[in-house]
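Asker: Have a look at the structure that comes next, please.
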Amino acid sequence: MAAPIIETCHVACCANRTPNVVSWSREGTIAFGTCNSVALYDPQVLKSVSVVAVLNGHTGRVNAVQWVHREDCAPESHLVSGGSDNRLILWEAQNDKLRQSVECKGHTGPVCAVDALHVNGSNILVASSAADSTVRLWLCNENKQAECLHTVPFGSGFMMDVSLTLLPGSKVPILACGGDDSRVHLYVQSNGQLQKAMSLQGHEDWVRGVAWTSINLLLASCSQDCLIRVWRLRAKCETDTGEKDNHTTIKMKEDVFEVRDTVFAVSLETVLAGHENWVYGVHWQPALYKCGELQQPLSLLSASMDKTMILWAPEEVSGVWVEQVRVGEVGGNTLGFYGCQMSPDGSMILAHAFHGALHLWCKDQDKEGEWRPGVVISGHFNAVQDLTWDPEGEFILSVGSDQTTRLFTPWRKQDGKLPTWHEISRPQIHGYDMQCLAMVGRFQFVSGADEKVLRVFQAPRNFVENFANISGSSREKLLTSSDSANLPEGASTPALGLSNKAVFQGKILTGAIFCVVFHHLPVFLLNLLCPSTYGHGFEMFCLASDSTRTVVASACKASKAEHAAVLLWSTSSWCQLQTLQCHTLTVTQMAFSPDAQFLLAVSRDRTWSLWRRNLPTPQFSLHAHTGKDNAIHSRIIWSCDWSPDSKYFVTSSRDKKVIVWGPCRLENTGNSVLPPEIKPCSSVLDVGDAATAVAFCPLLCSAKSYLLAVGLECGRILLYQWSPDQDVFLFPFTMSLLRQSHALAVKRLRWRPKAGQAESETEEESSWVQLASASTDHTVKIFSINKLAL
């Protein structure tokens with residue numbers, strides 16, 4: 001069998017910040033919306049890749065996801081999703097992969113809730129609610145055609161959730177809708193149309209969620225009044241009429257409606273009070289076959305903005321509904337849970353939070369009634385703007401518009417399971433959208449946000465020790481390295497303090513050094529630049545550091561030449577070294593050459609500038625640049641990078657062009673002899689879309705060829721082999737497969753600085769290289785690429 005060319009090692013993502021966006025299949029796969037995509041996630045963490053696929057099809061945020069459950073409890077083969085693009089997409093399993101099957105168009109507002117079930121064999125009935133104040137009923141047939149059967153208008157009201165099931169005996173679909181009028185509306189299908197059966201009153205605020213059981217027909221509704229109501233629907237028999245005048249029996253009031261000569265009654269079963277804030281989601285444990293009989297445990301899960309989930313069930317003796325289990329988060333200033341799901345066997349429960357995080361709890365098999373937190377994937381909940389590898393290629397740092405900096409590394413487990421990538425810390429949780437970062441040491445980085453200053457972070461000793469335990473690295477090797485010398489032990493929070501201060505051998509260091517704490521790990525120390533070093537007039541836009549980790553270059557947003565300067569900083573004193581003035585608009589990206597002798601800057605003014613270090617001083621002088629008269633790029637230049645031998649550099653632009661420039665030094669000569677002219681060394685490569693990111697692989701593809709990755713605005717990543725002798729780009733390989741492409745623009749591409757895979761123990765002489773990508777689709781992806789297979 002041929003060796004694979006590209007493997008997806010990890011996809012870091014989280015759920016969208018909307019209710020109804022997570023659904024759990026009977027096979028154990030969790031589907032959730034992440035930005036404009038649907039991610040399929042395996043929570044068992046038995047594989048090296050937890051996200052098994054990413055479904056791209058929507059052009060707006062995915063707001064609702066639902067597996068189409070089968071009545072016979074067989075594994076699902078269809079998935080329905082609704083998004084802010086006003087569309088519904090029905091995905092169908094084909095050759096063990098979900099592919100887009102049917103598209104439903106008709107809503108004029110974002111779809112916020114969906115549900116579906118199988119009817120008449122292979123047909124699928126879909127109900128959807130949208131911000132256009134309507135609920136629509138769709139029929140998707142086996143010919144992959146969708147028909148809108150009926151539209152129910154609600155005037156100026158909104159339906160927050162919908163739930164479909166079949167009435168017993170008649171198999172007539174019944175739809176429950178919960179809305180902002182504090183009522184639950186029931187509709188039955190008749191002749192393809194939806195006819196209103198009744199409205200259930202009782203809630204005192206918006207109804208946020210509704211859910212039917214598969215059998216016994218119980219309906220659960222949750223509301224912003226912090227209560228959950230369980231309603232019972234049953235078919236009335238002839239003997240019920242004889243009990244009508246019996247005043248000795250206490251019964252709940254029943255509302256009745258008739259369907260095909262059968263009278264159905266709805267009564268209130270119970271009211272569940274236990275949450276202290278809005279209840280956003282309810283979910284019943286799925287039905288299952290037991291001893292050849294279809295059964296459904298009466299177990300109801302609820303999720304609330306009070307950051308708790310509660311598992312409810314009736315007592316065996318009295319039948320009174322009581323709280324069985326309560327789990328959740330304690331402390332913090334974050335909001336609570338948007339929704340919840342339960343695994344098919346009831347052994348795991350999942351919640352998704354306001355900031356997109358997934359929270360998993362698993363039933364302890366050794367201790368009855370005990371639940372323990374589980375490990376789940378995580379990621380940014382907004383656009384990822386930048387990322388970088390550490391110098392040794394053991395972890396990745398990323399920053400995003402969600403105002404966080406996150407650290408991802410492989411977790412090497414002690415039980416012999418395959419290593420899996422996880423987010424282990426958030427070194428920075430900011431109040432501004434993050435834009436850029438650069439490593440300036442083994443455990444030290446500098447970051448820039450939508451503010452005028454840089455912030456420098458350094459890891460304390462206890463973080464290095466925890467990192468060694470998680471990654472399987474040698475603790476002694478990490479602590480004895482030069483970058484780890486003189487590290488503080490940890491951090492201490494002063495009374496009434498907003499930040500933590502570093503602790504050195506039991507003493508608290510006063511001054512401008514702080515620590516950010518996430519969960520239980522003290523993460524990174526923060527060394528703020530003092531006010532005298534503020535140099536930028538507008539928000540930070542890009543950063544770069546040289547290979548010697550002694551100089552950092554920064555640039556900010558600019559609409560005039562006076563603000564488009566590049567500032568150089570010393571990493572030892574964090575004082576400004578130099579101001580480099582050349583461009584007239586925002587410098588969009590910078591890159592130091594691997595030999596640290598050149599600094600390349602590209603700009604929104606469609607030009608690039610090349611600065612040469614004046615040895616032995618740290619000063620730089622302008623060596624070459626393009627202008628309006630000789631610029632080849634006709635639009636903004638988004639990205640740039642250097643070849644590993646520092647001879648060539650590449651630029652990519654919105655004009656769809658990628659160009660390699662050079663040579664920057666001559667063959668068989670010292671660094672003091674420079675070529676007389678720097679010009680295009682390659683033919684102009686038209687990639688067909690705006691090229692937003694570009695990166696040279698630090699390892700040669702062959703003796704005289706380079707491997708180049710290009711990220712596009714559409715989300716695709718292209719791989720090219722380029723040889724200076726042939727002056728052309730060879731063997732383009734498109735990473736546009738279903739689970740490999742991004743859904744939106746690629747913001748940054750970074751190759752691992754070493755050969756091999758970060759999660760592998762053997763790296764020497766490996767044919768594999770790894771590429772990390774950041775995108776505005778909220779994801780960070782890590783790919784392993786086989787150079788020999790290319």
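Asker: Got a number for residues in segment 122-157 being aromatic (Phe, Trp, Tyr) and either part of a strand (DSSP E or B) or crowded, with 18+ Cβ neighbours inside 10 Å (or both)? If you could, list the steps in order and put the result at the bottom.
Answerer: Here is the first cut: in segment 122-157, the ones aromatic (Phe, Trp, Tyr) are 138, 154.
Going one step further and asking which of them are either part of a strand (DSSP E or B) or crowded, with 18+ Cβ neighbours inside 10 Å (or both), we end up with 138.
Going through segment 122-157 one residue at a time, the tally reaches 1.
Asker: Give the residue that is surrounded by the fewest Cβ atoms within 10 Å (Cβ to Cβ), with candidates limited to residues of segment 427-440 that are part of a strand (DSSP E or B) and modelled with pLDDT of 90 or more.
Answerer: Our first condition is that a residue be part of a strand (DSSP E or B); within segment 427-440, this holds for 427-429, 434-440.
Next, from what is left, pick out any that are modelled with pLDDT of 90 or more: 434-440.
Working: MET434: 29, GLN435: 22, CYS436: 24, LEU437: 28, ALA438: 24, MET439: 18, VAL440: 23.
Checked segment 427-440; the qualifying residue surrounded by the fewest Cβ atoms within 10 Å (Cβ to Cβ) is MET439.
Asker: Related question: Run TYR706 past the list (1) at pLDDT 90 or above; (2) under 25 Å from HIS623 (Cα atoms); (3) open to solvent by 50 Å² or more (accessible area, probe 1.4 Å) and report the number of the one that doesn't hold.
Answerer: (3)
Asker: Right, something else. Across segment 405-422, which residue is nearest to GLU465 (Cα to Cα) among those that are surrounded by fewer than 22 Cβ atoms within 10 Å (Cβ to Cβ) and within 17 Å of the chain's Cα centre (by Cα)?
Answerer: As a first pass, look at segment 405-422 and keep what is surrounded by fewer than 22 Cβ atoms within 10 Å (Cβ to Cβ): 411-420, 422.
Going one step further and asking which of them are within 17 Å of the chain's Cα centre (by Cα), we end up with 420, 422.
Working: THR420: 19, HIS422: 17 Å.
Only one residue fits best here, namely HIS422.
Asker: Continuing with the same structure: Go through segment 770-788 and give me each residue that's more than 17 Å from THR420 (Cα to Cα) and in a strand (DSSP E or B). Spell out how you get there, then give the answer.
Answerer: Residues of segment 770-788 more than 17 Å from THR420 (Cα to Cα): 773-778, 785-788.
Correct list: SER773, ALA774, SER775, ILE785, ASN786.
Asker: State which residue pairs qualify: first residue in contact (Cβ under 8 Å) with a residue 12 or more places away in the chain and part of a loop (DSSP other than H, G, I, E, B) and inside segment 614-634, second residue polar (S, T, N, Q) and surrounded by fewer than 17 Cβ atoms within 10 Å (Cβ to Cβ) in any location, beta carbons under 8 Å apart, and separation of 6 or more residues or different chains.
Answerer: Sorted first by the residue in segment 614-634, then by its partner, the pairs are PRO618/THR550; PRO618/SER570.
Asker: Out of THR134, THR165, THR213, THR151, report the one residue that is β-branched (Val, Ile, Thr) and in contact with a Lys or Arg (Cβ under 6 Å, 6 or more places away or on another chain).
Answerer: Details: THR134 fails: in contact with a Lys or Arg (Cβ under 6 Å, 6 or more places away or on another chain); THR165 fails: in contact with a Lys or Arg (Cβ under 6 Å, 6 or more places away or on another chain); THR213 fails: in contact with a Lys or Arg (Cβ under 6 Å, 6 or more places away or on another chain).
Just one listed residue meets the conditions, THR151.
Asker: Read through the list (1) touching a Leu at 6+ places or on another chain (Cβ under 8 Å); (2) among the acidic types (Asp, Glu); (3) not in a strand (DSSP E or B), then give the number of the only condition that GLU269 fails.
Answerer: Of the numbered conditions (1) touching a Leu at 6+ places or on another chain (Cβ under 8 Å); (2) among the acidic types (Asp, Glu); (3) not in a strand (DSSP E or B), the odd one out for GLU269 is (3).
Asker: Let me ask something additional. Might you let me know whether segment 159-176 holds any residue that is of a type in the set (Gly, Ala, Ser), closer than 17 Å to VAL114 by Cα and open to solvent by 20 Å² or more (accessible area, probe 1.4 Å)? Write out each step before concluding.
Answerer: Taking segment 159-176 as the starting set, the residues that turn out to be of a type in the set (Gly, Ala, Ser) are 163, 169-170, 176.
Next, from what is left, pick out any that are closer than 17 Å to VAL114 by Cα: 163, 176.
Narrowing the set further to residues that are open to solvent by 20 Å² or more (accessible area, probe 1.4 Å) leaves none.
No, segment 159-176 has no match at all.
Asker: Note down all Cβ pairs under 6 Å where the first residue falls in segment 770-790 and is in the same structural domain as LEU700 (by the TED database) and under 14 Å from ALA755 (Cα atoms), the second is modelled with pLDDT of 95 or more and open to solvent by 10 Å² or more (accessible area, probe 1.4 Å), and they're at least six residues apart or on different chains.
Answerer: Qualifying pairs under 6 Å: LEU771/TRP751; ALA772/ARG750.
Asker: Restricting attention to segment 25-50, report how many residues are at pLDDT 90 or above and either open to solvent by less than 10 Å² (accessible area, probe 1.4 Å) or assigned to a loop (DSSP other than H, G, I, E, B) (or both). Spell out the reasoning first.
Answerer: If we filter segment 25-50 for residues that are at pLDDT 90 or above, which is where we start, we get 25-41.
Subsequent filtering for residues that are either open to solvent by less than 10 Å² (accessible area, probe 1.4 Å) or assigned to a loop (DSSP other than H, G, I, E, B) (or both) retains 25-39, 41.
Here the count works out to 16.
Asker: Here's a check for you: in segment 362-420, which residue that is of a type in the set (Lys, Arg) and not in a loop (DSSP other than H, G, I, E, B) is farthest from ALA755 (Cα to Cα)? Break it down stepwise before answering.
Answerer: Looking only at segment 362-420, we keep the residues that are of a type in the set (Lys, Arg), and these are 363, 367, 372, 406, 412-413, 417.
After this cut, where a residue has to be not in a loop (DSSP other than H, G, I, E, B) as well, the list is 363, 372, 406.
Details: LYS363: 41, ARG372: 38, ARG406: 23 Å.
Filtering first and then ranking leaves LYS363.
Asker: Tell me, which residue of segment 308-344 that is polar (S, T, N, Q) and part of a strand (DSSP E or B) is surrounded by the most Cβ atoms within 10 Å (Cβ to Cβ)?
Answerer: Start the filter on segment 308-344 by keeping residues that are polar (S, T, N, Q), which leaves 308, 318, 324, 333-334, 341, 343.
Among the residues that remain, those that are also part of a strand (DSSP E or B) are: 308, 324, 341.
Working: THR308: 20, GLN324: 15, GLN341: 23.
Of everything passing the filter in segment 308-344, GLN341 is surrounded by the most Cβ atoms within 10 Å (Cβ to Cβ).
Asker: Additional query: Do you know which residues across segment 51-86 are touching a Cys at 6+ places or on another chain (Cβ under 8 Å) and open to solvent by 30 Å² or more (accessible area, probe 1.4 Å)?
Answerer: ARG61
Asker: State all residues of segment 94-121 that are loosely packed, with under 12 Cβ neighbours inside 10 Å and β-branched (Val, Ile, Thr); if no residue qualifies, say none.
Answerer: Once the filter is applied, which keeps residues that are loosely packed, with under 12 Cβ neighbours inside 10 Å and β-branched (Val, Ile, Thr), segment 94-121 yields only THR108.
Asker: A follow-up question, please. Going by the structure shown, is SER593 crowded, with 21+ Cβ neighbours inside 10 Å and closer than 17 Å to SER646 by Cα?
Answerer: Details: crowded, with 21+ Cβ neighbours inside 10 Å: yes; closer than 17 Å to SER646 by Cα: yes.
Yes; evaluated as a whole, the condition is true for this residue.
Asker: Still on this structure, I have one more. Report, by residue number, each residue of segment 180-195 that is part of a strand (DSSP E or B), modelled with pLDDT under 95 and not aliphatic (A, V, I, L, M).
Answerer: Across segment 180-195, the qualifying residues are GLN189, SER190, GLN193, GLN195.
Asker: Right, next: Of the conditions (1) in contact with a strand residue (DSSP E or B) (Cβ under 7 Å, 6 or more places away or on another chain); (2) modelled with pLDDT of 85 or more, VAL516 clears all except one; give me its number.
Answerer: (2)
Asker: Please enumerate the residues belonging to segment 616-664 that are small (Gly, Ala, Ser) and either open to solvent by 40 Å² or more (accessible area, probe 1.4 Å) or more than 39 Å from the chain's Cα centre (by Cα) (or both). Write out each step before concluding.
Answerer: Initial filter on segment 616-664 (small (Gly, Ala, Ser)): 621, 624, 627, 631, 634, 639, 643, 646, 652-653, 662.
Listed by number, the residues that qualify are SER621, ALA624, GLY627, SER634.
Asker: Further question on the same structure: Output the qualifying pairs, or none if there are none: Cβ atoms under 8 angstrom, residues six or more apart or on different chains, first residue in segment 446-472 and on the phi > 0 side of the Ramachandran plot, second residue of a type in the set (Lys, Arg) and open to solvent by 10 Å² or more (accessible area, probe 1.4 Å).
Answerer: Final answer for the pair search is GLY472/ARG412.
Asker: Right, next: Does segment 601-613 hold any residues that are open to solvent by less than 60 Å² (accessible area, probe 1.4 Å) and under 23 Å from PRO676 (Cβ atoms), and which are they? Please lay out each step first, then the result.
Answerer: Just the residues of segment 601-613 that are open to solvent by less than 60 Å² (accessible area, probe 1.4 Å), to begin with: 601-603, 605, 607-611, 613.
Residues satisfying the conditions are ALA601, VAL602, THR607, TRP608, SER609, LEU610, TRP611, ARG613.
Asker: So, one more: Among PHE457, PHE467, PHE443, which is of a type in the set (A, V, I, L, M, F, W, C), open to solvent by less than 10 Å² (accessible area, probe 1.4 Å) and in contact with a Pro (Cβ under 7 Å, 6 or more places away or on another chain)? Quick ask: steps written out before the conclusion?
Answerer: Working: PHE467 fails: in contact with a Pro (Cβ under 7 Å, 6 or more places away or on another chain); PHE443 fails: in contact with a Pro (Cβ under 7 Å, 6 or more places away or on another chain).
None of the others qualify; the one that does is PHE457.
Asker: With respect to ALA438, is the statement that it is among the aliphatic types (A, V, I, L, M) and either free of Cβ contacts under 8 Å to residues at least 40 places away in the same chain or farther than 24 Å from THR34 by Cβ (or both) true? I'd like the intermediate steps shown before the answer.
Answerer: Details: among the aliphatic types (A, V, I, L, M): yes; either free of Cβ contacts under 8 Å to residues at least 40 places away in the same chain or farther than 24 Å from THR34 by Cβ (or both): yes.
Yes.
The values are calculated or read from the model by the stated rules, or taken from the named source; none is laboratory data. Given the structure is predicted, the values throughout are model-derived calculations rather than measurements. Virtual Cβ from ideal backbone geometry, glycine too; neighbours counted across all protein chains shown. These area figures cover heavy atoms from the full protein model, side chains too; ligands, DNA and RNA do not enter into them. Shrake-Rupley method; radii C 1.70, N 1.55, O 1.52, S 1.80 Å.
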